[in-house]
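What follows is calculated from the coordinates using simple rules that are stated; it is not laboratory data. Since this is a predicted model, take the numbers as computed values, not measurements. Glycine also receives a Cβ, built like all others from the backbone with ideal geometry; neighbour counts cover every protein chain displayed.
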Amino acid sequence: MPGLTIGDTIPNIEAESTHGKIILHDYIGDAWAIIFSHPGDFTPVCTTELGKMAEYSGEFAKRGVKLVGLSCDDVHSHKEWIKDIEEYTSGCKVNYPIMADPNREIIKQLNMVDPDEKDSSGNQLPSRALHIVAPDKRVKLSFLYPASTGRNMDEVLRVLNSLHKAANYKVATPANWKPGNRVVISPNVSSDDAKRMFPGGFETVDLPSKKEYLRFTNVQ
Ligand code: BEZ
């Protein structure tokens, strides 16, 4: 069975967290949300990642995005570990909840199981998974990284900005796109419609095929 993937509705899981009980759909509400797992508390890469997430939390909040972490350790462990994270990433507060999944049920439902990582008792552990969920509760983007590779929060912010562009306009973002760069008009928009939709104009790249599919424009 394939696991949770883009386009799927995120399961409405219930979990204890550092901020009390979370019912995921209620927590997301009408916002965008980033749900991210980590292999375990009191581990080096995870400590840097959750600190970075705290450092970037203002940027996510500005964009109306809620954050929530998840691992199999219990809430007491998460709360103790947060002291280390905040000490290491000084000046940052872990102001987002971290959910607990001691029975490993949630990580299965959210497609966050790492097939290679086990704890000292042989129990499964989460990968570094990250789902970006839209207000309609559907998964718009997922990362699946192994324990050995910490995530880049600049990339998380970049893809979130791209998702917001695509949600607001009929556009997509090209390779290595950054906010401020031009975007491309979606291939399913005719050039007549594009003239109406993008009054500031657009540039059609002249390609050997003479097919007019690579069209750049600017959107706010
Ligand atoms: C880490 O966070 O450093 C880590 C966690 C589990 C396995 C390997 C590394």
Based on the mean of other Cβ atoms within 10 Å per residue, sort peptides 174-185, 85-96 so the most packed one is first.
-> 85-96, 174-185
Please work out how much length the chain gains when fully extended from residue 16 to residue 211, using 0.36 nm per residue of separation minus the C-alpha to C-alpha distance, in nm with one decimal.
-> 64.8 nm
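Defining a contact as two alpha carbons under 8 Å apart and six or more residues distant in sequence, what relative contact order in percent does the range 8-140 show?
Once divided by the residue count of the range 8-140, the mean separation gives 36 percent.
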Using every Cα-Cα pair within the range 96-217, state what percent have a distance larger than 17 Å.
-> 68 percent
Rg (one decimal) and Dmax (whole number) from the Cα set of the range 14-151, in Å, equal 13.8, 41
Under 13 Å between C-alpha atoms is the cut-off here; go through the range 14-151 and count lysine pairs that meet it, provided they're at least eight residues apart or on different chains.
-> 4
Fully extended, how many nm does the chain gain between residue 6 and residue 62 (0.36 nm per residue separation, minus their Cα-Cα distance)?
-> 17.7 nm
Cβ-based charge dipole, the range 14-151, positive-most Cα from 69, 142, 125 | 142
Once the convex hull of the C-alpha atoms of the range 169-217 is built, how many Å³ does it hold per residue, rounded to a whole number?
-> 81 Å³
Check: the range 14-151 dipole with +1 on Lys, Arg Cβ and -1 on Asp, Glu Cβ, in debye = 540 debye
Stretch residue 186-residue 119 to full length: gain in nm at 0.36 nm per residue minus the Cα-Cα span?
-> 19.6 nm
